[in-house]
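Colleague: Can you keep this structure in mind? I'll have questions shortly.
The values are calculated or read from the model by the stated rules, or taken from the named source; none is laboratory data. Computed from a predicted model, the values in this text were never measured in an experiment. All Cβ positions, glycine included, derive from the backbone under ideal geometry; neighbour counts span all protein chains shown. These area figures cover heavy atoms from the full protein model, side chains too; ligands, DNA and RNA do not enter into them. Shrake-Rupley method; radii C 1.70, N 1.55, O 1.52, S 1.80 Å.
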Amino acid sequence: MEGRRTGIAFGVTVLLFVAWGGVESAPPEIVNSDVKILEQTVANVEYTLAQARLEFDQDLYLSQPFLCGHAEEECSHQEVPEGCTLCDLTDSTAACSTDNCCSPLGVDPDYCDNPPDFVKLVEGVPSEVVALREGETKYFRFFVGEEHRCQPFYISARPYYGTVDLYMARLWRAYPTGGGADWRRRTQFFNYGKASLLVCPTHTFYGLGTYTLAVFASVDAEFHVELSFPPADSLPLPPPEESIPCSSVPDSVMNQFAQTLPNGAEKVILCLEDGVTTTINYGGEYRNQLTELILPVPKGCHTLSIAVTTPYGGADPDLYCLPTNPNAEVSSSNAAITSYNGYDDQLLIRACFDEDTYVHCANQVFSTGLVDHIWSSTAPVLSQRLADVTPASASFQQGMAAAVGVVQNGAFQACADFASDCNFWISYPLQDPLAYWPPVYNDEVIEGVYTKPYPPEALVEAGLTTVNPRLLVINAFLTKGARRIYSIEEFVQNGTFAVIGVGNVDGEPVILPNDGPRNGLLGSFNEYIPNIAVSNLTVRDMAGECSYDSFLSHKAMVDDQVSKVLTAQGVGAILPAQYTIDSLNAAAPRETCVQAARDLAISDLVNLSIADARFCQYDIDTSPDEFANDPCCNGQLEATACCEYDLYQVSEQLMVENSEVLEADCGIPQCATTFMDDLIRAINNLNDAVQGCASGISSFRGQLGLLREELFDSTVRYCAQEAGLGKLHAGIPCGSDADCPGTLSGCDVANGICAVESREAIENDYLACYAERIPDFVVEYMRENVFEGFDQLVQRGTDKFLEVLRKYYSTTDCVSTTRALDFTQSNRFAFEIPFDYGGITGED
């Protein structure tokens, strides 16, 4: 599928490579700042969210480290063998030949004999935008020539929405897959959204020639692909102007924590000098264990690129840096920034150090093998303007560890890791950043239904009209449902927002007051990482004024999602639409206009009688008896008992008419009163599951209950009436023949009900009616789950269909053979007969 994106351009600026170490220019200074505490409900989960908005005097840039192990060494092992050709198979119009191509594993003949529909990638030029449905694959090819010998490169799928997997190989495989590829990046779980590969020259399968990239959509997704190489003169790494040798690091720093691992093995504690690789071959005793990494950094301003990389088949390390509690060793739970990629991880820190400092990191290996450890202050850095990346990439790729929320001795878990927690992320720099809400991750359960990652396209489009390239938006969850991460009071008093990987076009870090609380007795990373205390930020309500045009645009998107819910077949189709609606309704176009409407009215405490529709409260597996006896659960009781409404009294703060506003602002009192009545009714119904704007969507259980009731009315109850049973299986009351359906033989005036024929005639009439009116999705459910061996070619409306339906929906019971409406001895029905019929009374 071709991309549909119009009017919005991402990734079109030239990528910058900077190796900054104190350029003589002005760093970004803050000019405006505030924080909002927001309470939102998304996908039936209530959140409390703190959102900092920091505006600077220059455009902001996100950066990624471009560092591999042994980058300081001359490369000599990538020479082109004699007698073979570097085959460039990226031109679909040229004659394709795989003869004599340089490839140690040979060349897949499908490169030329059965080429896939592929997109050619060019260095530094983003590809066209591609949209894929779940399960689809798009192929890309690119050529690495002699000019890039021994150079690492990034290959990245920058997402607009959804998430994709990457599989890549050289000439030996034209169609790389999960089971046959040299490089893989599966982006579910710990790698959500991080469809990016850093390919290092030390990798076993690295080489010159043609590469094929397969991008597989694990859910509906839209993205473009970027290919980037560092400048030719940036490698080998130039030595730093000043460095601290490991021999100068005090023993008190090297031996601060335990020297042995919990399993009794000797802990690996590495001091890493600037630009020098240390390789460790980890054995089985180090699986899942931590290695301390100590980086001696001299006084001054630096960009630190930190990497742990492996050749193919090496260990799988994760990387953690900057302990939030310096009195404990670095770990996944004691680190401000983390990277959880498979087989290689990089982090970047921009900061100015007032004195020589020992930055603490750690890596944790999850499989045995070789790991290269390196950091550098001179490595090339891939930078891109924040306003030019996609919103999804800002949150989950390029901006993953760019900033962090910190509370004294604790940090929020970044949204880079969706399989565990998602408590912190940066947003695209919009006037309304909540248009991009973080997606529900794979293993989160909502109303018992497993969901897929979102947001869908509607959230990406929402609000992309006002972009501020100088704005940094940082979000942190304080509560998620019943789980409290931090109280509002604790966050305001002890919280800090730290900016770690954001700078200007020259790579200089931002300037902040660094007034956050100090963590621990030995100092903390927020002494040199730019940070600002929450207590010094102004707390504001939702920013912005009500825009009529924005609200109409927002309403159109919500209406589109509502229509999807109302026509959805099954909860799985309802969930994405409700998630989108909730996310959109948390955004400024609606919030600001609702608040403006509220300002026109005043609130008062009102006593209400609320009729609340009851829905099934019992699970058939855990409470079978209660389920069987509750008409709200057991549909077979519908004929004899109703799922009643509960009536109860509540006191609620509701909007009422504000006569002062009417008199001051409205010229025609009658018109103004009508408008105010409508406005107040709309505001008061916003959270009403039945009458409100969401048409019941705010309650899945309520929505499904309403759909269930509608289905019963249109099939079971309707057909019972047509067949003469009546909605309560007690006949159809009548006073004359005109009161009875045409299928019956008139009114039995003596008994006050429509005359019926035999029980067999009633069953036949009911069955024919039911078979005609049931929805298609119910028929399909019957085919798949009830009708064993049912011929798929048998269509409704045929005698065969009625025969099968009768077979599977008939049951043995004790009913009268002479009186069709006598169910008094039935094992399945029990009800009060409201009239005397054939000598049987209600007392009988």
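Colleague: To the nearest 0.05, what FRET efficiency results for Glu285 and Thr622 with a Förster distance of 56 Å applied to their C-beta separation? Don't jump to the answer; show the numbers that get you there.
Modeller: Values: r = 45 Å, r/R0 = 0.80.
The pair Glu285/Thr622 has a calculated efficiency of 0.80.
Colleague: Mind grabbing the accessible area of Phe205 for me, 1.4 Å probe, Å², rounded to tens?
Modeller: Using a 1.4 Å probe on the heavy atoms, I get roughly 50 Å².
Colleague: Quick one: which of 381-393, 527-539, 254-266 comes out on top by average Cβ neighbours within 10 Å, and what's the full order, highest first? Each step should come with its number before you reach the end.
Modeller: Numbers: 381-393: 23.8, 527-539: 19.5, 254-266: 11.9.
Result, highest mean Cβ count within 10 Å first: 381-393, 527-539, 254-266.
Colleague: Where a Cα-Cα gap under 28 Å defines reach, which lysines qualify for Lys120, not counting those fewer than 8 residues away within the same chain?
Modeller: Candidates past the 8-residue exclusion: Lys138, Lys194.
Colleague: I would also like to ask the following. Net charge near Asp182: determine it from the other residues with C-beta under 13 Å of the C-beta of Asp182, scoring Lys and Arg +1 and Asp and Glu -1. Numbers along the way, then the final one.
Modeller: On the way: positive: Arg170, Arg173, Arg184, Arg185; negative: Asp108.
Around Asp182, the charge tally is +3.
Colleague: Quick one: which residues, 5+ away or cross-chain, put their amide H under 5 Å from the amide H of Ala351? H built at 1.01 Å from N.
Modeller: Counting only residues 5 or more places away or on other chains, the set is His302, Leu304.
Colleague: Now a separate question. Along segment 240-256, what does the Karplus equation 6.51 cos²θ - 1.76 cosθ + 1.60 (θ = phi - 60°) give for ³J(HN,Hα), rounded to whole Hz, x for Gly and Pro?
Modeller: With the stated coefficients, segment 240-256 comes to x, 5, 8, 8, 10, x, 5, 5, 8, 6, x, 4, 5, 7, 5, 10, 5 Hz.
Colleague: Given a Förster radius of 56 Å and the C-beta distance between Glu74 and Met782 as r, what FRET efficiency does 1/(1 + (r/R0)^6) yield to the nearest 0.05?
Modeller: Working: r = 71 Å, r/R0 = 1.27.
Plugging the Cβ-Cβ distance into 1/(1 + (r/R0)^6) gives 0.20.
Colleague: Sticking with this one: Can you spot the lysines whose alpha carbon is less than 18 Å from Lys555's alpha carbon? Ignore those fewer than 8 places along the same chain.
Modeller: Lys564
Colleague: Using Cα-only point scatterers and the Debye equation, what is log10 of I(q)/I(0) for segment 67-218 at each q in 0.09, 0.10 Å⁻¹, rounded to two decimals?
Modeller: For segment 67-218, the Cα-only Debye profile gives -0.28, -0.35.
Colleague: A further question on this structure: With every protein chain left in place and a probe of 1.4 Å, what is the accessible surface of Ile269, to the nearest 10 Å²?
Modeller: Its heavy atoms expose roughly 40 Å² to the probe.
Colleague: Which far-off residues, 5 or more places away or on another chain, put their amide H under 5 Å from the one on Tyr161, with H placed in the peptide plane?
Modeller: The answer is Glu222.
Colleague: What distance in nm separates the simple spin-label points at Val505 and Cys84, each placed 7 Å from Cα in the Cβ direction?
Modeller: So the label points at Val505 and Cys84 sit 4.4 nm apart.
Colleague: Quick one: which residues, 5 or more positions from Thr324 or on another chain, have an amide H under 5 Å from its amide H? H modelled 1.01 Å from N in the peptide plane, none for Pro or chain starts.
Modeller: Hits under the 5 Å cutoff: Ala335, Ala336.
Colleague: I would also like to ask the following. Rounded to the nearest 0.05, what FRET efficiency do Lys299 and Asp599 have when you use their Cβ-Cβ distance and R0 = 41 Å?
Modeller: Details: r = 54 Å, r/R0 = 1.31.
Calculated value: 0.15.
Colleague: Here's another thing I want to ask about it. Could you pull out every one of the lysines with an alpha carbon less than 26 Å from that of Lys807, ignoring same-chain neighbours closer than 8 positions?
Modeller: Excluding near neighbours in sequence, the set is Lys727.
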